[in-house]
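The values are calculated or read from the model by the stated rules, or taken from the named source; none is laboratory data. These figures come from a predicted structure and were not determined experimentally. With ideal geometry, Cβ positions are generated from the backbone for all residues, glycine too; neighbour counts draw on all protein chains shown.
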Amino acid sequence: MSTTPILEVTNLRVEYHGDNRQVVAVNDVSFSIGEGEIFGLAGESGCGKSTVANAIMRLLKDPAEITGGQIRFRGRDLLAMRGEELRRFRWKEIAMIFQSAMNSLNPVMTIGSQMVDIFTTHEGLSVKQARSRSAELLRLVSIDPVRLDSYPHQLSGGMRQRAVIAMALALEPSLLIMDEPTTALDVVVQQEIMAQISDLQRQLGFSVLFITHDMSLMVELSHRMAVMHSGRLVEMADAELMFASPLHPYTLSLMNAFPPLTGPRVRLTGLSDSVRATDGTSGSCSFHVACPPDRANCSGNIPDLREVQPGRFVAEHPRTSIEGTAA
Amino acid sequence: MTTDTGQRRPSTAPIDDVSVRVRGLTKDFPLGGLFSRRSMRAVDNVDFDIPRGTIVALVGESGSGKSTVARALARLERPTAGSIVVGGRDVLKTEKSAASRRYRGTVQMVFQDPFGSLNPAHRVEHFLERPLRIHGKARSRQEVRRRSAELMRTVGLTEDMLDSYPHELSGGQRQRVSIARALAVDPEIILADEPTSMLDVSVRIGILNLMARLRDERGISMLFITHDLASARYVADTTLVMFAGALVEGGESLELMKNPSHPYTQLLLSAVPDPARTVRYDPHQRALLRRAVLAPTACPWQGPDCSATVPVRHTIGPDHWVRCHLYAPQVSAAANPLLTDSDAQPDLDSAPDLDVAPAPTRKATR
C-alpha cells in the first residue's frame, strides 16, 4: 500500500447548531487514507462517524457546519469547492454507499434507467452506450445484465446492495465511502458482499473509507483503522494490530460489545446507553473509570492522539506509559 | 448415533413443563392472481417446544420463514396446518378465527423495528396504558400511572420518560418501551422478532441482558428470532436453525455452535465475521457449499436421497439433533465431504447466481 495519502483530513471540526445549544459532533479529527488503502472508522451510533463521511462528501446542510480544519483530496482543498466544480467532483472522484443503501434506489425506476442516468449526466454518453456500460457494471458485481430491466423490489436485499455498489463504482472513483453497508443484511449475504468489495478493490485499486460499528467485520476488511468516541478519535493503528492488542479502554469495550462465538458464556455489560455526546459536552471520556488508577483523568477532555509506536496512535495523557495499558 | 425413526417427533417432555408446543406447523402463501391455485410453502411441517422459563432462538437467513413462525404463534397469520398448544389447549382449534383476549394476555410479541412499531402521535404512557386497561391490570388513573412506572423501571427506563414521545427516545430506549408494552399484560410467553437487529452495537447487549433477566426473574419463556448467531448463543438456552421453511438442526446453544452439523448451520456459522479465523473466505468453496445447501435435490454428497425422501431427525448428542441424510446411521461421519476434501466437487460455472433466493428449493404446488 502506498504512503501518498489520497485523502487528508486535518483537525476537522463539525458543529450542529440547535436553538439554544451547540453540539460538537466532530472535534479536531485528523487522519489520512493512502492510495489503494482500506481505512476503517469504528464507533457506536452518535459518535460522529457518519458526520465525518458526510463532511468529506460535502453533504452537510444546516444546522451542521464545518467550523474548522481542512479536507484535502489529492492536494485539492475540498472545502473550497463550490457549485459546478463540486458537482463534477462528487461521484467522479469520491462515491458513497449510504447506510440504508437498499432503500436508496428509486422504487419507480428500473435499475437500468437509474444506472444510465449516471453516464448520461456525468459523461454525456448516449443512452445506448450508457446501457452497455451499465450491463458491464452489473456483470462486475455478479448480477445478470437482464436485471437492468428489473425494478428494485424485484431484487433481493443482497442484489440491491450489489446494484448500489455497481452504481458507486460507475465513474471509477478513487475513493469509495461505505457507511454501514451491510447493516440490514443477514450474515451470509454480508460476507459475500464484503468479499466482493475486497475483490473489486484489488482489481480496481480504489481507496475505501469503511464505517461500521462491527469491529470484527472491520478488521477482516481494513488495512488500517481508527476508533471514534464522542466526536474524537481515541485510537488509530494497523487493523490487526489494534484488534490483537487494543490500547484504549474504549476500543476494548467496543470489541467486547459483540458476544463471542466460542469459549464459555460470560455476561457482558455492553456500552452504556445513556452516555452520549448529545448535550454539547462532547470530548469528555466516559471511560476514564476503566483506566488504571495511575492514569491521568480524562473526564475533562479526550486528549489528542499520540504516536506511541511507529504508526500507532492512542489518545491518552502523556505521562502514562504504553506498558500500563496493553493488558 | 441413534435415529428417530418413529417419525419426526422431537422430545416428548410432559406438557406441564412446556409453554408452547408446536407440531406440524405449515404455512402456504398463495402466489399469483385471484384465481391462481399456486402457492409457496413458507413454513414446512415445523415441530418444536419452548420449555417453560427458557429462551429458544430461531436462527436462519432472511426469507427462511422464521418470522412467519413467530407471526403464526402471535396469531397474525393463520397456519395452513398444524397445532399450537399453549397452556394445554390447542389454540387453533379452540379459537378458530382470531386470538382471544386470554391468548393475547399469555402471548405477546416484540417487533423488529422500534421506529415503526410505536405510534409517533402518542406519548409512551399511552402504549402502556392501553394493554393495562384492556386486560384489566389497572383501573384507576393512579393505578395505571403506578403500574406504568413500575414497568418502565423493569425495563431500565425512568418514570419521567412516560411523558416523552417516541421520537424523543433513542432506538434502544424505544425497543425497551416495546418490551414494557409486551410485559404490561403479564405474559407467560414473549415472541421477539429480531429485537436487536435494528439497534446499534452499544445497546444490543443491554436488550439481550434484559431478555435474560425477564427469563430468570419472571420465568417468562421466549422465542427469539434472529439472524445473529452470536446473540443467540449469548442469550438462548436452545437454538433451532431454520432453512427454507424447515427446521434443520437444533440443540443446546453452546453445543450446537461448537459442533454445527447440518451443512446449512456450518454455512451460517462460517459467515460470521471473525478476524481470528484461520481459514480465509474462499468464494469458490463458499459457492459450492451454498449450492449444495440451497439445492438439496442436487446435493452432490447424497445423490438422489434428499430428493427421494425427506430427512428425519437424527440425534447426534445429548440435546442435539440434525435433519440431514449425512447423519443417517448407515453413513459414517467420516464420509461427510463437507468435513473432508472430496473429488466429487461440481464445477463452479454451473453454480447458480449467488443471490438466488431460497425460494426455488421450496415446493411450489400447483
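Quick one: count up the residues across region B:78-136 that are assigned by TED's automatic domain parsing to the domain that holds B:Asp186, of a type in the set (A, V, I, L, M, F, W, C), modelled with pLDDT of 90 or more and surrounded by fewer than 19 Cβ atoms within 10 Å (Cβ to Cβ).
3
Here are B:Ser170, B:Ser197, B:Ser202: which of them is out of contact with any strand residue (DSSP E or B) (no Cβ under 6 Å at 6 or more places or on another chain), within 19 Å of B:Val124 (Cα to Cα) and within 11 Å of chain A (Cβ to nearest Cβ)?
B:Ser170
Kindly indicate whether any position in region A:181-192 is more than 10 Å from chain B (Cβ to nearest Cβ), under 26 Å from B:Gly60 (Cα atoms) and assigned to a loop (DSSP other than H, G, I, E, B).
Scanning region A:181-192, I find at least one residue that is more than 10 Å from chain B (Cβ to nearest Cβ), under 26 Å from B:Gly60 (Cα atoms) and assigned to a loop (DSSP other than H, G, I, E, B), so the answer is yes.
Would you point out the residue of region B:153-163, among those that are surrounded by 15 or more Cβ atoms within 10 Å (Cβ to Cβ) and more than 14 Å from chain A (Cβ to nearest Cβ), that is nearest to B:Val203 (Cα to Cα)?
Out of the qualifying residues, it is B:Thr154.
Could you identify the single residue in B:Arg145, B:Arg153 that is over 29 Å from the mean Cα position of the chain (by Cα) and in a helix (DSSP H, G or I)?
Step by step, each of B:Arg145, B:Arg153 is checked, and only B:Arg145 is over 29 Å from the mean Cα position of the chain (by Cα) and in a helix (DSSP H, G or I).
Out of everything in region A:140-163 that is among the hydrophobic types (A, V, I, L, M, F, W, C) and either farther than 20 Å from A:Gln203 by Cα or at the interface with another protein chain (Cβ under 7 Å from one of its Cβ atoms) (or both), what residue ends up being surrounded by the most Cβ atoms within 10 Å (Cβ to Cβ)?
A:Met159
Name, by its number, the condition in (1) surrounded by 24 or more Cβ atoms within 10 Å (Cβ to Cβ); (2) outside the structural domain of A:Ala25 (by the TED database) that does not hold for A:Leu233.
With (1) surrounded by 24 or more Cβ atoms within 10 Å (Cβ to Cβ); (2) outside the structural domain of A:Ala25 (by the TED database) applied to A:Leu233, the lone miss is (2).
Take region A:237-268 and flag every residue that is crowded, with 21+ Cβ neighbours inside 10 Å and in contact with a strand residue (DSSP E or B) (Cβ under 8 Å, 6 or more places away or on another chain).
A:Ala237, A:Ala239, A:Met242, A:Pro246, A:Leu247, A:His248, A:Tyr250, A:Thr251, A:Leu254
Please enumerate the residues belonging to region B:205-261 that are crowded, with 24+ Cβ neighbours inside 10 Å, within 11 Å of chain A (Cβ to nearest Cβ) and in a loop (DSSP other than H, G, I, E, B).
B:Ala236
Restrict the check to region B:183-193 and report whether at least one residue is closer than 24 Å to A:Val189 by Cα and in the same structural domain as B:Asp44 (by TED's automatic domain parsing).
Taking every residue of region B:183-193 in turn, at least one turns out to be closer than 24 Å to A:Val189 by Cα and in the same structural domain as B:Asp44 (by TED's automatic domain parsing).
I need the full set of residues from region B:156-189 which are among the small types (Gly, Ala, Ser) and either part of a helix (DSSP H, G or I) or in contact with a Phe, Trp or Tyr (Cβ under 9 Å, 6 or more places away or on another chain) (or both), in order please. Reasoning before the result, please.
Applying the first criterion (among the small types (Gly, Ala, Ser)) to region B:156-189 yields B:156, B:164, B:170-172, B:178, B:180, B:182, B:184.
Residues satisfying the conditions are B:Gly171, B:Gly172, B:Ser178, B:Ala180, B:Ala182, B:Ala184.
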